[in-house]
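Visitor: Starting off with a structure, shown below.
The values are calculated or read from the model by the stated rules, or taken from the named source; none is laboratory data. Treat the numbers as computed from the prediction; the structure is a model and nothing was measured. Note: ideal-geometry Cβ built from the backbone for every residue, glycine included; neighbour counts use all protein chains shown.
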Amino acid sequence: MKVVSQAELEQHGTSGDTWIAVHGLVYDVSKFIPEHPGGGQVVQDCGGKDASEEFEDALHSTGARMEKSIILKGVLEGWEQKVESYRKLGWSESQGVPDPDHLKEKSSGFPVMAVGLAAGAVGAVALAFLMARSRGKQ
Ligand code: HEM
């Protein structure tokens with residue numbers, strides 16, 4: 001993926017040529033701005049800047065993250081490793097704007113589930129053992 005410098009991002013902050021960065025990914029949102037359900041101005045105001053906080057504050061849907069008319073230009077300089085870490089947690093370009101909190105949830109889901117299953121299995125064996133022992137005593 002192309003690395004976009006902070007200076008290059010800042011050069012695209014004008015109306016009709018608007019890039020924003022969300023979680024280290026730089027998107028050209030020029031075509032989308034007139035169609036934005038939250039109004040064009042709020043997105044325009046984030047032009048040439050990092051808009052991660054504003055984007056998440058609006059609680060966007062998965063559909064919004066996958067909006068087709070935004071164009072991924074590259075990774076913002078300094079965010080390369082962060083974006084690599086999203087990839088390791090299962091993110092790819094096809095998912096659109098990453099949802100880092102959700103990515104984290106998914107990765108911790110597996111160990112939690114494994115521990116739960118293991119505890120359940122130990123409990124079942126212990127119960128079977130106790131039942132067998134109490135039957136033997138009668
Ligand atoms: C990648 C850029 C963006 C895309 C693709 C996008 C897309 C959307 C979509 C599809 C919706 C409709 C509701 C939903 O499906 O979640 C929405 C709503 C909204 N967006 Fe965005 N958005 C973007 C950036 C932003 C930014 C930077 C802000 C704030 C500065 C913002 C603020 C809002 C607000 C406040 C709403 C709620 C509108 C309402 O329900 O009245 N969006 N956006």
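Visitor: Could you list, in sequence order, all residues of segment 82-95 that are touching a Gly at 6+ places or on another chain (Cβ under 9 Å) and of a type outside the set (A, V, I, L, M)?
Guide: Once the filter is applied, which keeps residues that are touching a Gly at 6+ places or on another chain (Cβ under 9 Å) and of a type outside the set (A, V, I, L, M), segment 82-95 yields 82, 86.
Visitor: Any idea which of 63, 90, 96 is surrounded by 13 or more Cβ atoms within 10 Å (Cβ to Cβ) and of a type outside the set (Lys, Arg)? Spell out the reasoning first.
Guide: Values: 63 fails: surrounded by 13 or more Cβ atoms within 10 Å (Cβ to Cβ); 90 fails: surrounded by 13 or more Cβ atoms within 10 Å (Cβ to Cβ).
Just one listed residue meets the conditions, 96.
Visitor: Moving on to the next point. So which residues in segment 11-42 are in contact with a strand residue (DSSP E or B) (Cβ under 9 Å, 6 or more places away or on another chain) and farther than 18 Å from residue 98 by Cβ?
Guide: Correct list: 11, 12, 13, 17, 18, 30, 31, 33.
Visitor: Same structure again: When only residues in segment 1-23 that are more than 13 Å from the ligand (Cβ to nearest atom) and within 18 Å of residue 83 (Cα to Cα) count, which is modelled with the lowest pLDDT?
Guide: Within segment 1-23, the match that is modelled with the lowest pLDDT is 1.
Visitor: When you check residue 42 against the structure, is it near the ligand (Cβ under 7 Å from one of its atoms), surrounded by 13 or more Cβ atoms within 10 Å (Cβ to Cβ) and touching a residue at least 60 places away in the same chain (Cβ under 8 Å), yes or no?
Guide: no
Visitor: Do the conditions hold for residue 73, that is, is it outside the structural domain of residue 22 (by TED's automatic domain parsing), outside any loop (DSSP other than H, G, I, E, B) and of a type in the set (D, E, K, R)?
Guide: no
Visitor: What is the number of the single condition among (1) within 15 Å of the ligand (Cβ to nearest atom); (2) out of contact with any strand residue (DSSP E or B) (no Cβ under 6 Å at 6 or more places or on another chain) that residue 48 does not meet?
Guide: Only one criterion in (1) within 15 Å of the ligand (Cβ to nearest atom); (2) out of contact with any strand residue (DSSP E or B) (no Cβ under 6 Å at 6 or more places or on another chain) is unmet by residue 48, namely (2).
Visitor: A follow-up question, please. Among the residues of segment 81-100, which ones are in a helix (DSSP H, G or I) and among the polar types (S, T, N, Q)? It would help to see each step written out before you state the result.
Guide: If we filter segment 81-100 for residues that are in a helix (DSSP H, G or I), which is where we start, we get 81-88, 93-95, 100.
Within segment 81-100, 81, 85, 94, 95 meet the criteria.
Visitor: Can I ask one more? Which pairs turn up if I take residues in segment 1-18 that are farther than 25 Å from residue 34 by Cα and look for partners that are of a type in the set (Asp, Glu) and not in a loop (DSSP other than H, G, I, E, B) with beta carbon separation below 7 Å, at least 6 apart in sequence or on another chain?
Guide: Once the first residue is farther than 25 Å from residue 34 by Cα and sits in segment 1-18, its partners that are of a type in the set (Asp, Glu) and not in a loop (DSSP other than H, G, I, E, B) give 3/80.
Visitor: Go through segment 19-57 and give me each residue that's outside any helix (DSSP H, G or I), farther than 22 Å from residue 95 by Cβ and among the β-branched types (Val, Ile, Thr).
Guide: Passing the criteria: none in range.
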